[in-house]
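What follows is a single structure, written as structure tokens, with notes after it.
The values are calculated or read from the model by the stated rules, or taken from the named source; none is laboratory data. Predicted, not measured: the structure shown is a model, and the values here were computed from it. Reconstructed Cβ throughout: ideal geometry from the backbone, glycine too, with neighbour counts over all protein chains shown.
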Amino acid sequence: MTRRTALALVGLAVIGGVAAAGSADINVTPVVTEGKVVASFTAPGAFSDDAREVVKSGLLLTFTYGVELRRPSAVWFDRTVAETTVAASVKFDSLTGIYQVSKLRDGRVVWSERTDKEDEVGGWMTAFDQIALDPTEALESNADYYVRVHLKISPRRTFSFWPWGRDDGSGRKDFTFIR
């Protein structure tokens, strides 16, 4: 292996390590009731000091979560059975010291609140309860499924040399659907 190749590999490892260090873990809890799947999740590490700085600057900060119900496959790619997108956004008014937080589901506002407490904002931005996942077909009895949640934060405060987009956080929870 040439010296140039070795340096390139070390550089990619460092870039990959820095990119992985910035991601937040998401705790996912799927619940099956009456043949339907709902997911609750939290991303406690997502509302970081960088996120606080963005909010304090007056920019709109948005956490977009992709929530997927998937069925694992041993032979091919895992099949997506249901998916939805939820988001939380916050805007800080520096004149009044008030935060405006909104939660959206598939592009529609489902909840909005104002507060002057930063701790409440962090909780509202990083926690979602009872997100219904409506499958396109009936779930198979005694089959394995999993709920995967991935997070994208905008605007970004860091630049990645990796040419493809990456998630700012992700989480997964497996379960067996028993009817």
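A quick yes/no check of all residues on (1) surrounded by 11 or more Cβ atoms within 10 Å (Cβ to Cβ); (2) modelled with pLDDT of 90 or more; (3) touching a strand residue (DSSP E or B) at 6+ places or on another chain (Cβ under 8 Å):
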| residue | (1), (2), (3) |
| --- | --- |
| GLY122 | yes, yes, no |
| PRO135 | yes, yes, yes |
| ASN142 | no, yes, yes |
| LYS152 | yes, yes, yes |
| ARG166 | yes, no, no |
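Restricting GLN100, GLN130 to those that are more than 17 Å from THR42 (Cα to Cα) and either part of a strand (DSSP E or B) or among the small types (Gly, Ala, Ser) (or both) reduces the list to GLN100. Against the definition (at pLDDT below 95 and acidic (Asp, Glu)), how does ASP116 come out, yes or no? No; evaluated as a whole, the condition is false for this residue. Pairing each residue of region 105-131 that is without any contact (Cβ under 8 Å) to a residue 12 or more places away in the chain with any residue that is assigned to a helix (DSSP H, G or I), provided the two are 6+ apart or on different chains, yields no C-beta distance under 8 Å.
The residues of region 18-52 that are surrounded by 10 or more Cβ atoms within 10 Å (Cβ to Cβ), out of contact with any strand residue (DSSP E or B) (no Cβ under 6 Å at 6 or more places or on another chain) and modelled with pLDDT under 90, listed by number, are VAL18, ALA19, GLY22, GLY35, LYS36. Residues that are among the β-branched types (Val, Ile, Thr) and out of contact with any Phe, Trp or Tyr (no Cβ under 9 Å at 6 or more places or on another chain) within region 55-80 comprise THR62, THR64, VAL75, THR80, listed in sequence order. Yes or no: VAL90 modelled with pLDDT of 90 or more, touching a helix residue (DSSP H, G or I) at 6+ places or on another chain (Cβ under 7 Å) and over 21 Å from ASN27 (Cα atoms)? Yes; evaluated as a whole, the condition is true for this residue. Number of residues in region 69-88 that are surrounded by fewer than 19 Cβ atoms within 10 Å (Cβ to Cβ), touching a Leu at 6+ places or on another chain (Cβ under 8 Å) and over 15 Å from ASP129 (Cα atoms) equals 2.
Here PRO72 clears all of (1) in contact with a strand residue (DSSP E or B) (Cβ under 8 Å, 6 or more places away or on another chain); (2) over 17 Å from GLY171 (Cα atoms) except the condition numbered (2).
A count restricted to region 99-120 and to residues that are of a type outside the set (D, E, K, R) and surrounded by fewer than 17 Cβ atoms within 10 Å (Cβ to Cβ) stands at 7. The one condition from (1) more than 15 Å from the chain's Cα centre (by Cα); (2) crowded, with 16+ Cβ neighbours inside 10 Å; (3) small (Gly, Ala, Ser) that GLY66 does not meet is (1). Of the strands (runs of 3 or more DSSP E) entirely within region 25-75, those holding at least 1 residues that are of a type in the set (Val, Ile, Thr) and closer than 15 Å to GLY122 by Cβ occupy 36-42, 61-71.
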